[in-house]
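Laboratory data are not the source of any read-out in this text; all were calculated from the coordinates shown. Everything quoted here is computed from the prediction, not taken from an experiment. Cβ placement follows ideal geometry from the backbone for every residue including glycine, while neighbour counts extend to all protein chains displayed.
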Amino acid sequence: NAEYMGRNMASADGALFLGLDLGTQSLKAVVLDASSHLCVWESAVTFDVDLPQFCTVGGVVRHGDVVTAPTLMWVHALEMVLLRLRDADSGRLVRRIQALSGSGQQHGSVWWRRGAEATLSQLQPEQSLPAQLAGSFTVESSPVWMDCSTGEQCRRLERNLSPTQQVEHGASRLAQITGSGAYERFTASQIMKIAETRPQVWTDTERVSLVSSFLCSLFLGRYAAIDVSDGSGMNLLDVTSLDWSDECIRATSVCGLADRLGPPVLSHTIQGTVSHCFCAKFGFSATCQVVSFSGDNPCTVAAAHLCRSRVCVSLGTSDTVLGAVAPTAEAVRPKTHPRHGHVLCSPVEPHGYIAMLCYSNGAAARLRAMQRLAKDHGADGEQAGWRLFDEALSSTPPGNEGKIGFFFVVPEVLPHAHGIYRFNASDEPVADYESAHEARAVVESQVLSMRLYAGAIGLHPSQIVLVGGASRSVAIAQILSDVFNCEVLGAELQSAAIGAALRALHGILSANSPNRFLPFEESTARGSTAERLLATPRNASVYSEALLSRYAALSRTAFKQL
């Protein structure tokens with residue numbers, strides 16, 4: 001393998017790999033050099049700023065519990081970023097791209113109208129993409145991961161999987177098959193809702209894509225297959241057989257669902273070459289390969305080179321914990337309640353798995369605490385507010401003098417809860433904390449929850465890679481290091497896009513290897529994601545098992561009030 005890698009990397013000298021990330025708030029693109037694994041070009045389109053005509057806030061449109069994003073906005077963003085790539089280095093850069101892949105926000109869905117694949121195959125390079133695709137979607141604003149309007153469908157899906165129509169039994173069965181209980185943001189319940197409430201839309205729909213396979217389809221000029229890693233975030237894929245579960249498909253009671261999904265593929269599969277239209281319009285080589293696109297969380301796993309002892313924590317709009325777990329059938333049996341965490345198929349190891357914890361109250365809870373600090377101190381502007389926030393974390397003692405709180409500003413999914421609960425050192429409910437202690441209580445509560453649930457699903461890291469907007473905070477990194485008693489490294493903020501580019505390289509080298517697959521670590525040497533040491537444990541003894549047990553007990557006390 002070493003000799004094979006040497007030959008292939010030598011032949012790849014000068015070749016470039018494109019990675020895209022269609023996230024909640026923006027579309028990012030990076031180009032990696034195959035020989036150095038360094039980023040040589042990057043660009044981003046921020047939806048609220050660059051495409052104001054769609055009137056999004058944070059990249060989405062909210063109507064109560066219904067949260068969507070205009071599908072054509074994503075098409076506009078792709079055209080904008082690819083035109084910038086076309087013009088980079090007088091067109092020489094794009095011609096050197098050997099392969100590309102992408103990342104999409106997980107769980108979201110795109111609904112293609114009957115005849116849309118024919119439209120994709122006949123796109124004309126001289127016309128704009130949005131104008132040509134304007135009539136191609138039966139649902140013009142795509143449901144996204146922030147939507148929480150499908151609780152009724154989730155419970156019905158679980159009941160349908162139980163012989164006795166019991167939700168909890170069905171939830172366990174669903175988690176056993178798909179790695180997760182039913183969640184409102186997952187695609188199965190979204191499909192059930194639209195098929196039930198808008199039957200003509202379902203009749204007129206030819207294909208349902210995930211955000212990732214939608215983006216891939218634009219490059220191919222035809223419908224792209226859903227990869228198994230992103231597909232395992234739908235409540236429909238059997239994570240052991242790597243195919244759609246007939247049992248789960250039946251439980252949705254949606255006619256013709258499997259046909260509208262198409263067969264899934266392994267994440268390193270090359271799905272074809274860039275379409276003639278995209279070659280002519282944006283300057284891609286006719287031989288440029290398209291490797292299966294995947295979800296943003298799976299692509300972050302690829303960027304962070306996660307292994308059994310190396311976990312990624314992403315602090316952004318939502319907070320996410322990602323880690324690799326042993327590739328055995330037993331590993332996909334959730335060790336906790338089916339509401340607590342997910343197991344997904346690995347994007348880089350065909351029979352491997354990744355464990356994932358997702359929190360809705362990431363940035364929202366921290367922002368609320370920051371705004372209170374800023375108001376108390378008369379600070380003007382977010383930059384000054386976040387500086388006060390970091391100062392509060394540094395000036396308050398680890399353990400927060402025994403204060404423990406739970407801060408669910410928006411409805412939380414891990415656990416299912418909503419509201420704010422505070423306790424003093426004697427475990428008595430209190431109405432408020434001083435603003436600096438409130439800031440520490442928010443962060444400590446978030447990180448203690450991560451440790452509690454991560455341990456329950458078998459993640460015990462000796463190293464954490466920290467990404468996302470809040471990874472800039474050294475004070476937060478220190479709390480993370482102390483609570484988990486391990487070192488914390490900071491990484492590039494465009495991690496999902498970088499992971500997509502690395503997966504493109506991995507797909508090409510795997511396709512050319514004797515066994516049609518090459519271990520990810522052998523094909524993508526670490527170094528593409530610049531890392532720096534942020535924190536080492538200083539106060540780990542404060543966050544003992546006893547404190548963790550107290551935190552768990554208080555959470556049970558608090559949520560009995562709901």
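Once Rg and Dmax of the Cα atoms in Å is worked out from the coordinates, which option in [x] 24.4, 73; [y] 23.1, 70; [z] 26.5, 93 does it equal? Read-out from the structure maps to [y]. Taking all Cα pairs closer than 8 Å and separated by 6 or more residues, the relative contact order of the chain comes to 15 percent. As a rough guide to protection, the peptides 262-273, 241-252, 500-511 ranked by mean Cβ packing within 10 Å, highest first, stand as 500-511, 262-273, 241-252. Per-residue extension of 0.36 nm, minus the Cα-Cα distance of GLU521 and ALA384, leaves a gain of 45.2 nm for this segment.
Length available on full extension from THR203 to ARG222: 0.36 nm per residue minus the Cα-Cα distance, which gives 4.8 nm. For region 445-550, the Cα gyration tensor yields ellipsoid semi-axes of 33, 16, 11 Å (square root of five times each eigenvalue, largest first, whole Å).
ALA258 to ARG556: FRET efficiency via 1/(1 + (r/R0)^6), r the Cβ-Cβ distance, R0 41 Å, to the nearest 0.05? So, using R0 = 41 Å, E works out to roughly 0.50.
Label positions at GLN127 and GLU531, each projected 7 Å from the Cα along the C-beta direction, are separated by 4.9 nm. Working note: Karplus 6.51/-1.76/1.60 with θ = phi - 60° gives region 53-70 the couplings 5, 8, 6, 8, 10, x, x, 9, 10, 10, 9, x, 7, 8, 10, 9, 9, x Hz, where Gly and Pro are set to x. For the peptides 290-300, 428-438, 473-483, the ranking by mean Cβ contacts within 10 Å, running from highest to lowest, is 290-300, 473-483, 428-438. Taking the longest Cα principal axis of the chain as reference, the axis of helix 71-87 is set at about 70 degrees. For PHE137, the residues 5 or more places off, or on other chains, whose built amide H falls under 5 Å of its own are ARG113. The calculated FRET efficiency for the pair VAL410 and ASP87, based on their C-beta separation and a Förster distance of 45 Å, comes to about 0.65. Percent antiparallel among DSSP beta bridges with both residues in the chain, to the nearest 5? Roughly 75 percent of the beta bridges in the chain run antiparallel, per DSSP.
For VAL430 and HIS63, what does the FRET efficiency come to when R0 = 41 Å and r is the distance between their Cβ atoms, rounded to the nearest 0.05? Walk me through the intermediate numbers first.
Numbers: r = 36 Å, r/R0 = 0.88.
Given R0 = 41 Å and the Cβ-Cβ separation, E is 0.70.
How long are the semi-axes of the equivalent ellipsoid of region 77-201, defined as square roots of 5 times the Cα gyration tensor eigenvalues? Whole Å, largest first. Mind showing how you got there, number by number?
On the way: eigenvalues 304, 70, 26 Å².
Output for region 77-201: semi-axes of 39, 19, 11 Å.
Where does each of 21-27, 382-388 land if you order them by average Cβ count within 10 Å, highest first? Intermediate values should be presented prior to the final figure.
On the way: 21-27: 23.4, 382-388: 15.7.
In descending order of packing, they fall as 21-27, 382-388.
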